[in-house]
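Structure record follows, encoded as structure tokens.
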Amino acid sequence: MTYPDLNRIITYSPAYTIVPTYECFNRCTYCNFRVDPGQDRWLSLAAAQSQLMPLKAAGMIEILILSGEVHPHSPRRQDWFEHIYALSELALSLGFLPHTNAGPLSFAEMNRLRQVNVSIGLMLEQVTALPVHQHAPSKLASLRLEQLEWAGQLQIPFTTGLLLGIGEAEADWRQTLLAIADSHTRWGQIQEVILQPYSPGDQEIRSAPGFPIEQLPAVVAIARQLLPTEITLQIPPNLIPQPELLLACLRAGARDLGGIGPLDHVNPSYPHLHLHALQDLLASEGWQLQPRLPVYPQGDRQLPVHLKSAVQTWRNDLSRWAEQQVSQPSKAQRV
């Protein structure tokens with residue numbers, strides 16, 4: 001089934017990822033990101049500032065603060081959280097829009113972080129208990145579903161998603177999507193759902209084939225059928241090797257390509273496609289690739305006043321960019 005879209009617009013976020021720490025107390029067998037607790041030197045504020053300073057000229061908007069998880073009962077948990085908060089403040093002070101994905105947070109942590117982040121994310125992955133999460137306490141579905149509820153109660157624009165190909169069945173996809181839809185129906189907090197195919201990497205413990213990528217358009221179609229229409233479906237183009245499959249996912253209802261930057265830290269074996277190559281591929285079927293902010297327009301009203309101001313500045317910039325594309329498409333600057 002082809003999902004209709006009269007505007008023919010596909011979005012992406014010009015994004016740069018900073019990692020406070022790779023250490024994580026979970027041991028998901030498919031992970032290519034983590035190191036053992038205590039085996040990683042945390043990113044300093046000075047080092048983060050050095051990374052961020054040149055990015056405005058490179059057209060970056062979103063700063064994704066992507067962290068491994070420090071155990072909730074660790075004596076270092078408070079220092080870890082305060083460091084993420086300080087990195088968010090730093091990104092804001094430099095004119096960027098922060099989005100944090102740092103695993104499950106307490107209600108109080110989420111409430112504080114919403115003051116310095118325009119959106120927050122947490123992958124639900126699957127609501128079914130799976131062997132790959134046997135040594136990953138924070139991957140309990142009940143814990144992650146609680147995060148969706150808290151985000152709704154706190155009116156935080158929220159991103160979540162499914163990880164596909166980690167031992168689940170099609171019925172599990174449907175159950176997970178329905179759980180997301182149910183939470184969104186209560187609170188209206190979910191702005192996008194990522195459909196991420198598991199792709200084997202060099203650092204993981206698990207030795208298994210990746211998600212059968214030819215099935216991804218069918219998953220997109222199922223998600224589009226089960227989720228409210230205002231929730232955008234996101235697919236990661238660097239994990240879809242065949243151009244025709246990427247286009248098939250768009251025909252099935254995907255409308256966003258996620259954050260595109262120098263490196264995918266979660267899947268370091270799969271580099272992002274060059275932005276110009278993506279633009280040309282999409283244009284071949286009449287799609288237009290446009291940059292977006294890490295908060296969708298419907299989430300603006302949920303933001304604290306000082307964040308609304310920062311977001312509006314960027315919305316004005318993107319409006320001018322879009323007008324330039326229309327008036328001078330051959331000379332328009334590519335963000």
Problem set entry | Residues located in region 75-102, provided they are of a type in the set (D, E, K, R) and free of Cβ contacts under 8 Å to residues at least 24 places away in the same chain | R76, R77, D79, E82
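Do any helices (runs of 4 or more DSSP H) entirely within region 74-168 hold 2 or more residues that are over 23 Å from C31 (Cα atoms) and of a type in the set (G, A, S), and if so, which? Walk me through how you get there before you give the answer.
Values: elements: 77-93, 107-113, 141-153.
In region 74-168, the matching helices (runs of 4 or more DSSP H) lie at 77-93, 141-153.
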For this session: Would you mind stating whether N32 is in contact with a helix residue (DSSP H, G or I) (Cβ under 7 Å, 6 or more places away or on another chain), closer than 20 Å to D202 by Cα and assigned to a loop (DSSP other than H, G, I, E, B)?
Result: no
Problem set entry | Filter result (surrounded by fewer than 18 Cβ atoms within 10 Å (Cβ to Cβ), more than 23 Å from D36 (Cβ to Cβ) and of a type outside the set (S, T, N, Q)) within region 196-221 | P209, G210, P212, E214, A218
Exercise. Among (1) in contact with a Pro (Cβ under 6 Å, 6 or more places away or on another chain); (2) under 26 Å from T176 (Cα atoms); (3) surrounded by 20 or more Cβ atoms within 10 Å (Cβ to Cβ), which single condition is P237 missing?
Worked result: (1)
Exercise. If only one of A181, A108 is surrounded by fewer than 18 Cβ atoms within 10 Å (Cβ to Cβ) and in contact with a strand residue (DSSP E or B) (Cβ under 9 Å, 6 or more places away or on another chain), which one is it?
Worked result: A181
For this session: Given the conditions (1) in a loop (DSSP other than H, G, I, E, B); (2) surrounded by 15 or more Cβ atoms within 10 Å (Cβ to Cβ), report the number of the one that R41 does not fulfil.
Result: (2)
Exercise. Taking the stated definitions as given, is I180 at pLDDT 95 or above and either in a strand (DSSP E or B) or among the aliphatic types (A, V, I, L, M) (or both)?
Worked result: yes
For this session: With respect to V311, determine if the residue is surrounded by 18 or more Cβ atoms within 10 Å (Cβ to Cβ) and closer than 30 Å to Q115 by Cα.
Result: yes
For this session: Give the residues of region 165-193 that are of a type in the set (S, T, Y) and under 20 Å from the mean Cα position of the chain (by Cα), sorted by residue number.
Result: T176, S183
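Residue by residue, here is whether (1) under 21 Å from P237 (Cβ atoms); (2) free of Cβ contacts under 8 Å to residues at least 40 places away in the same chain; (3) within 19 Å of the chain's Cα centre (by Cα) holds:
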| position | (1), (2), (3) |
| --- | --- |
| L282 | yes, no, no |
| E285 | yes, yes, no |
| L289 | yes, no, yes |
| K308 | no, yes, no |
| A322 | no, yes, no |
| Q325 | yes, yes, no |
For this session: Could you grab the pairs with beta carbons closer than 8 Å, sequence gap of 6+ or different chains, first residue in region 211-225 and within 19 Å of E125 (Cβ to Cβ), second one of a type in the set (S, T, N, Q)?
Result: F211/S199; I213/Q242
Exercise. Which residues, counting only those in region 170-186, are hydrophobic (A, V, I, L, M, F, W, C) and within 15 Å of P197 (Cβ to Cβ)?
Worked result: W173
For this session: Determine, yes or no, whether A322 is farther than 27 Å from S199 by Cβ, touching a helix residue (DSSP H, G or I) at 6+ places or on another chain (Cβ under 6 Å), modelled with pLDDT under 95 and of a type in the set (G, A, S).
Result: no
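The values are calculated or read from the model by the stated rules, or taken from the named source; none is laboratory data. The model shown is predicted, which means the values in this text are computed figures rather than measured ones. All Cβ positions, glycine included, derive from the backbone under ideal geometry; neighbour counts span all protein chains shown.
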